[in-house]
Amino acid sequence: MLQYITRRLLTSLPVLLGILFITFSLARLLPGDPCRAALGERATDEVCDAFIRREGLDRPIPVQFAIYLGDVLRGDLGDSFRQGRSAVEILIERLPTTIELALLAMIFATLVGVPAGIVSAYWRNSAIDVGTMIAANIGVSTPVFVLGLLLEYTFAIIFKDTPLWLPPSGRLTSGVQLPSLAQSLNLQNLSGFSAGFLDFISRLYVFNSLVTGNWKVLWDALRHLVLPSMAVGTIPLAIIARMTRSSILDVLGLDYIRTARAKGLKMRAVVFQHALRNALLPVVTIIGLSLGGLLSGAVLTETVFNLPGVGRTLFEAITARDYTVVQAFTLVIALIYVLVNLVVDVLYAFLDPRIRLS
Amino acid sequence: MELADTTLRPTTQALALSRWQRTSRILLRNRSAMVGLFILAILTFVAIFARQLATHDPEKPLIGLEENVKKRADPCIHALGCPQDQPEHYFGTDGNVRDVFSRILFGARLSLIIGFTTVSFAILIGTLIGLVSGYLGGWVDNVLMRVMDVLLAFPSLMLAIAIVTVLGPGLINALLAIGIVSIPTYARVARASVLVNKEMDFVSASRALGASDPFILLRHILPNSLTPLIVQGTLGIATAILEAAALSFLGLGAQHPTPEWGLMVGQEYKNVFNAPHLTFFPGLALMLTVLSFNLLGDGLRDALDPRLARTRTG
């Protein structure tokens, strides 16, 4: 197992370097000169000369890449000239929103998608199966932003003044406040990395309110997350349902299932005790891989629901031509994506010995 | 040689014909593929005859041209009881007082063009990379595939956004970005199929006859790799349309006053509470278009991939 993990880690190294090279090139491929791209159109020539020397932009490209690598390894992702603070600081502030959204969407997609797939496969070609698959097809075909807007309209306008009403935007109702973990745990004198980390997890509102037992805020935060997670989670949900169904049906065609049936086992026992365990293996991969879709969906969903997350920030940074932030956020998103793929692969190898032994 | 030609041609034609017949027969029996094809046929009809079917100019505001016309007016169809003194707009009007119905019709034209051009571009480049990579193997294969891995390491929409940032917003650049982002998929599909086909006896035979590498690639391997590419391409059109709409929604793709569905939603989404029809109709059009390609792609996969059809139990 350890050998497999090492091998898998080594194979992701070139990909990591490639990602770094792309984010590195991003800042250099941008139209116009890098100084005015970083400092704004009104930067004077003297300021620019100083900037170019300071950033090493007059040095050869390989040297510049090495400098960039060093910066990234030290955790320095540059400063946003629009907001006048470091990109890492902005990440600490915005990433938790997206993580909460992605996780909740993933939970929603899995909890609904897997059972839907099982039901569909169990009663194959029945009305339930056909209905589920039609719904799944419509699900993968609906643009995230359209679905988000329609959900918003349905739950905020049509269900207005009913218990089904849900808030259409933001993370918390205005007026509701959640103290940071540093405040609740009396850890205000922390500094550096640990302070940043504590600040980061404080902003995971669901986690924070759960840990500190702040049930009112927890309820409020969850209610705000329902619609966005449904919007982002629907496409993965549909894919998971289809995958689960076809995977179970594939497994049901195998010899060992026929043996189990021939022994006189009931269909239900065969499906749940014999087929499911093997059939869910590819589903694990799909669940992991759908994270990329979730992150892409997050840009659109955060725009629709006005959530201050990574996607929304990235988009705002692009329109504001705040390239340091674009570079930093693109890098972090790609890193998260690679990391999740790695975890999924390792998990898959753990579940299926054939992978790690081949 | 001439004799061989005359005896061979009818055989290959018959084979090609029977394969086409088999495919179309399976497709005709596949209900979801037929639904997809039906929606697509309507869309193509609408796209071709958009100018004849449209009731208004899709890009011109109607202020001053029509009496009583209002901004973001609800849909009004006289036959369904809408008062006669109000101007008839099947899908209402938008924030710039343009006829939404006409814009949706012209949007069909644009969406189909977007889907086909991006996927053609991606298939062309991707197949070339896949063919070279799979056929040559060795370090060429290694380098090309690692580059593809890096492209796949980014969530596709994010990468497309990054590329548009570099190129600047606009429909053409957005299409280019989506094309680039989807290259790795086709490169991988083409490569996998080359790896299988290059070990086939007919390839060895051709090589023994002295055929050159480019000849073998284009004449023997490429035609045999087309099936998975066509299937992937059909499904890819669906993804491309969704991504182009997403970029336009964010303001990075098609620009005002182009009647693009994603842009139509993007310009009006803040008014969803008082004018939901401005989100609903373009959204529905997008959903139906994407759905048709997804259904057709799934059907084609069942019809064209005998291996899949045999092992398929569902």
Top of B:Glu88, B:Glu67, B:Glu243 by mean-square fluctuation, Gaussian network on chain B, Cα under 10 Å:
B:Glu67
Which value in Å does the Kirkwood hydrodynamic radius of the range B:102-255 take, with 1/r averaged over all unlike C-alpha pairs and then inverted?
16.5
Return the long-range amide H neighbours of B:Ile63 (sequence gap of 5 or more, or a different chain), with a cut-off of under 5 Å between placed amide H atoms.
none
Among the range A:230-255, those whose backbone N falls under 13 Å of a label point 7 Å along Cα→Cβ from A:Phe159 are A:230-231
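Could you give the Stokes-Einstein D for chain A in µm² per second, using the C-alpha Kirkwood radius, 25 °C, 0.890 mPa s? Before the final figure, lay out the partial values.
Values: Rh = 23.3 Å.
Translational D for this selection: 105 µm²/s.
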Give me the number: length gained by fully extending B:Phe202 to B:Asn274, i.e. 0.36 nm times residue separation minus the C-alpha to C-alpha distance, one decimal in nm.
19.4 nm
With springs connecting C-alpha atoms under 10 Å apart, model chain A as a Gaussian network and identify which of A:Tyr348, A:Tyr68, A:Tyr256 has the largest mean-square fluctuation.
A:Tyr256
Place a point 7 Å from the Cα of A:Leu166 in the direction of its beta carbon; the residues of the range A:95-130 whose amide N falls under 16 Å from it are A:100-113
Interchain or long-range residues, amide H under 5 Å from B:Lys71's placed H:
none
Cα centroid separation, the range B:198-265 to the range A:247-325 (Å)
25
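Could you give the length gained by full extension between A:Val119 and A:Arg277, i.e. 0.36 nm per residue of separation minus their alpha carbon distance, to one decimal place? List each step's numbers first, then the result.
Details: separation 158, 0.36 × 158 = 56.88 nm, distance 1.53 nm.
Roughly 55.3 nm would be gained on extension.
Per residue, how big is the convex hull of the range A:2-73 when only Cα atoms are used? Give it in Å³.
Numbers: hull volume 6.6 nm³, N = 72.
Roughly 91 Å³ of hull volume per residue.
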Which value, in debye to the nearest 20, describes the size of the charge dipole of chain B about its Cα centre when Lys and Arg Cβ atoms bear +1, Asp and Glu Cβ atoms bear -1, and nothing else is charged?
860
Which ³J(HN,Hα) values, rounded to whole Hz and listed in residue order, are derived for the range A:325-330 from phi using the Karplus coefficients 6.51, -1.76 and 1.60 in 6.51 cos²θ - 1.76 cosθ + 1.60 with θ = phi - 60°, glycine and proline given as x?
5, 4, 4, 4, 5, 4
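Grab the beta carbon distance between B:Ser24 and A:Thr319, set R0 = 41 Å, and tell me the FRET efficiency rounded to 0.05. Don't skip to the answer; put the middle values down first.
Values: r = 48 Å, r/R0 = 1.17.
With a Förster radius of 41 Å, E is 0.30.
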What is the set of long-range amide H partners of B:His89 at a cut-off below 5 Å, with H atoms built 1.01 Å from backbone N?
B:Cys76
Specify the angular offset, from 0 to 90 degrees and rounded to the nearest 10, of the alpha carbon long axis of helix B:31-48 from the longest principal axis of the alpha carbons in chain B.
60
The range A:2-73 - charge dipole about Cα centre, Lys and Arg +1 at Cβ, Asp and Glu -1, debye rounded to 20:
480
With axes computed from alpha carbons, what is the tilt in degrees of helix A:61-73 against the longest principal axis of chain A, rounded to the nearest 10 within 0 to 90?
70
Output ordering of B:73-84, B:39-50, A:218-229 (per-residue mean of other Cβ within 10 Å, highest first) is A:218-229, B:39-50, B:73-84
Provide, in order from the shortest bin, the percent of all Cα-Cα pairs of the protein assembly as shown in each 10 Å bin, continuing until the bin that contains the maximum pair distance.
3, 12, 22, 25, 20, 12, 4, 1, 0, 0
Let me see the P(r) profile for the range A:201-281: every Cα-Cα distance counted, bins of 5 Å, each bin given as a percent of all pairs.
3, 13, 15, 12, 9, 8, 10, 11, 9, 7, 3, 0
Sorting A:Gln3, A:Cys35, A:Leu20 by the position of each Cα along the dipole of the range A:2-73 (Lys, Arg +1; Asp, Glu -1; all at Cβ), the one nearest the positive end of that ordering is A:Gln3
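Which FRET efficiency value, to the nearest 0.05, do you get for B:Gln86 and A:Val226 by plugging their Cβ-Cβ distance into 1/(1 + (r/R0)^6) with R0 = 45 Å? Can you show the working numbers first?
Working: r = 38 Å, r/R0 = 0.85.
With R0 = 45 Å, the Cβ-Cβ based efficiency is 0.75.
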With θ set to phi - 60°, apply the Karplus curve 6.51 cos²θ - 1.76 cosθ + 1.60 along the range B:49-56 and write out the HN-Hα couplings as whole Hz, x wherever there is a Gly or Pro.
9, 3, 5, 6, 7, 5, 8, 9
Over all viewing directions the Cα convex hull of the range A:48-200 casts an average projected area in nm² of 16.9
With springs only between Cα atoms under 10 Å apart, run a GNM on chain B and tell me which of B:Gly266, B:Gly126, B:Gly138 wobbles the most.
B:Gly138
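Give the whole-number value, in cubic angstrom per residue, of the convex hull volume spanned by the C-alpha atoms of the range A:290-358. Before the final figure, lay out the partial values.
Working: hull volume 6.2 nm³, N = 69.
In the range A:290-358, the Cα hull volume divided by residue count equals 89 Å³.
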Determine, from the Cβ-Cβ distance of B:Asp57 and A:Leu2 and an R0 of 51 Å, the FRET efficiency 1/(1 + (r/R0)^6), rounded to the nearest 0.05.
0.15
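Would you mind computing the Rg to Rh ratio of chain B from its alpha-carbon coordinates, Kirkwood style for Rh? Working shown, then result.
Numbers: Rg = 23.9 Å, Rh = 22.1 Å.
Reported Rg/Rh, Kirkwood definition of Rh: 1.08.
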Using all alpha carbons of the range B:50-127, what is the percent of pairwise distances in each 5 Å bin, ordered from the shortest bin to the longest?
3, 15, 20, 19, 13, 8, 7, 6, 5, 3, 1, 0
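Where a number appears in this text, it was derived from the coordinates with a stated rule and is not lab data. Model, not experiment: these values are computed from the prediction. As a convention, Cβ positions derive from the backbone with ideal geometry for all residues, glycine included, and neighbour counts pool all protein chains shown.
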